[in-house]
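All remarks here apply to the structure that follows.
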Amino acid sequence: MLQRTDFYIDGAWMAPLGPDHIEVVNPATEQVVGVVAQGTAADVDLAVAAARRAFETYGQSTVDDRVALLSAVIDGYTARLDEIAATISAEMGAPITFARQAQAASLIGQFARAIETLRKYELEAPLSGSVTVRREPIGVAGLITAWNWPLNLIAGKLAYALAAGCTVVLKPSEVAPLSAMLLAEVIHEAAVPAGVFNLVNGDGATVGQSISAHPDIDMISFTGSTRAGILIAKTAADSVKRVHQELGGKSANIILPDADHATTVAAGVRRAFKNSGQSCQAPTRMLVHRSRYAEALEHARTTAESIRYGDPADPATEMGPVVSALQFERVQAVIRSGIEQGARVVTGGLGRPEDVETGWFVRPTIFGDVDNSMTIAREEIFGPVLPIIPYDSEDEAVAIANDTRYGLANYIQSADRAHALTLVPRLRSGRVYVNTVDATETAPFGGYKQSGNGREEGEFGLEEYLETKAVITG
């Protein structure tokens, strides 16, 4: 059990100012695997003050200084990759192979991409004969992240904040904070200057609220639910700080009639159920032409039933549990709503798999006969549940895809790539994947509508942490 009841503030591990603690539960075993402290507003004050002091120096650092810092973090992190992967698997249930190859390894890719971006980015450039434009770090960044990709979500913010010259106060999710504590150890061992990176654990109502409202924090970058994002934006408004948000999604996967359905349906199901369905840009609504609907349901059924779920410590396991008892109950409630509203369970359904007695495992579930007005088609489920919706024309498919409050991603599958691309301008989302379901770190990431604002990754991610200054000379 990992017991870290201190916070990383001003380059040192400091005892919390409050008495409360948070237990971290392994969702596969239902056993406590770690304990962290519950922070207070006073802990946040100390972290912000340290970040503010450090910014006076770090904000003036050179590109070479920042590249060296980011590189040192990569080196230290890589040396502990297996330990970090095992910790992620224990705290949120990711299968160990997936935890190592995707969850843990993603931080290395994010930091490497930030280094590449920083080296190429023009932080100062002439605009006209008398005007030069400088891009300067915004200041102290408050980072608030979710549990479903605990280090990838941190890395997509932290790497670019540090690359920009910002100092940071991080609140990782209280559900899966243990891997973030290991990252803080790596950062300390990499000799990152005191106060540049600070970590305070705690819940959203206390630590998240304090970070969002703090007058000495210059921007908030948040990943989580739309509901929480709205509260953060309202709290941050009083101090007129910048707010960047990556929120929920309900992405449509439009499979056109000419696509190879055996391949595309199987790939869509596996992508939707990756990470136990707990990914915001996963293709969680599959749209299939009515002429091939029965065929698609059968391909989806056989694919879902072939997924190997079970012990996350087994390298052969493909799907683990959802993250908590609370999340299990939420997913069960949505499955129940689908049944009550008239959708047909093609495979899966309520309860744990029959051969599972312990852990928050959800039966891989496919729904047919789905209408886009049903709860299973409108709400972000965050579990291995996929509704498949029939359509009669491309216009109807596009209308169904856009008929959501979210706009994070959409997917199109077709044998005719050129034709598929003609649908892209009609889809209201921050990303559109054409003939692929594979995620990437090289494209800007963020959404339309209630999926948030701003972008992460690459030069778009770097610019979130930069201010624009015009220098006019006479």
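Using θ = phi - 60° and the Karplus form 6.51 cos²θ - 1.76 cosθ + 1.60, what ³J(HN,Hα) does each residue of region 209-217 get, whole Hz, x for Gly and Pro?
5, 5, 5, 4, 8, 5, x, 9, 9
Using a ≥ b ≥ c from the Cα gyration tensor of region 1-128 (square roots of the eigenvalues), is it rounded, prolate or oblate, where a/c under 1.5 gives rounded and otherwise the larger of a/b and b/c decides, a/b for prolate?
Because a/c hits 1.5 or more and a/b fails to exceed b/c, region 1-128 counts as oblate.
Could you check what % of the DSSP bridge pairs in region 252-445 are antiparallel, to the nearest 5?
Percentage antiparallel, nearest 5: 15.
Only counting other Cβ atoms within 10 Å, I'd like TYR8, TYR411 sorted with the fewest neighbours first.
With the fewest neighbours first, TYR8, TYR411 line up as TYR8, TYR411.
Provide the FRET efficiency to the nearest 0.05 for the ASP216-SER291 pair, computing r from the beta carbons and using R0 = 41 Å.
Efficiency, from the Cβ-Cβ distance: 0.10.
For ILE254, enumerate residues with amide H under 5 Å from its amide H, sequence gap 5+ or separate chain, H modeled in the peptide plane.
LEU287, TYR411, ILE412, GLN413
Give me the one-decimal nm value for the distance between modelled label points at ARG80 and MET1, 7 Å along each residue's Cα-to-Cβ direction.
2.1
For the pair ASP260 and GLU298, what calculated FRET efficiency results from E = 1/(1 + (r/R0)^6), where r is the Cβ-Cβ distance and R0 = 22 Å, to the nearest 0.05?
Here the calculated transfer efficiency is 0.95.
Can you compute 3J(HN,Hα) from phi for each residue in region 57-74, using the Karplus curve 6.51 cos²θ - 1.76 cosθ + 1.60 with θ = phi - 60°, rounded to whole Hz and x for Gly and Pro?
Result, rounded to whole Hz: 9, 5, x, 9, 5, 8, 4, 4, 4, 6, 4, 5, 5, 4, 5, 5, 5, 4.
List the pairs from LYS120/LYS171; LYS274/LYS449; LYS120/LYS234; LYS241/LYS449; LYS157/LYS250 whose alpha-carbon separation is above 32 Å, in the order I gave them.
Checking Cα-Cα distances, LYS120/LYS234 exceed 32 Å.
Counting DSSP beta bridges in region 48-179, what percent are antiparallel, to the nearest 5?
So the antiparallel bridges in region 48-179 amount to around 40 percent.
Find the centroid of the Cα atoms in region 1-71 and in region 138-169, then give the distance between the two in whole Å.
Cα centres, region 1-71 to region 138-169: 12 Å.
What are the ³J(HN,Hα) couplings of region 342-352, residue after residue, when phi is run through the Karplus curve with 6.51, -1.76, 1.60 and θ = phi - 60°? Round to Hz, x for glycine and proline.
Running phi through 6.51 cos²θ - 1.76 cosθ + 1.60 with θ = phi - 60° gives x, 6, 9, 6, 7, 7, x, x, 6, x, 6 Hz.
Tell me the Rg and the Dmax, in Å, that the Cα atoms of region 1-61 produce.
15.1, 48
Is it possible to state the helix-based mean residue ellipticity at 222 nm for the chain, with each DSSP H run of 4+ residues giving -39500 (n - 2.57), the sum divided by total residues, to the nearest 500 deg cm²/dmol? What is it? Mind dumping the intermediate values first?
Values: 15 runs with 175 residues, N = 474.
Rounded to the nearest 500, it is -11500 deg cm²/dmol.
Suppose each label sits 7 Å from its Cα in the direction of the beta carbon; what would the ASP45-GLN341 distance come out to in nanometres?
4.7
Calculate the FRET efficiency for ASP403 and GLN101 from the Cβ-Cβ distance with a Förster distance of 25 Å, rounded to the nearest 0.05.
Between ASP403 and GLN101 the formula returns 0.10.
None of the figures in this text is laboratory data; all of them are computed from the coordinates on show. What you see is a predicted model; the values in this text were computed from it and never measured. All Cβ positions, even for glycine, are placed from backbone atoms using ideal geometry, and neighbour counts span all protein chains on display.
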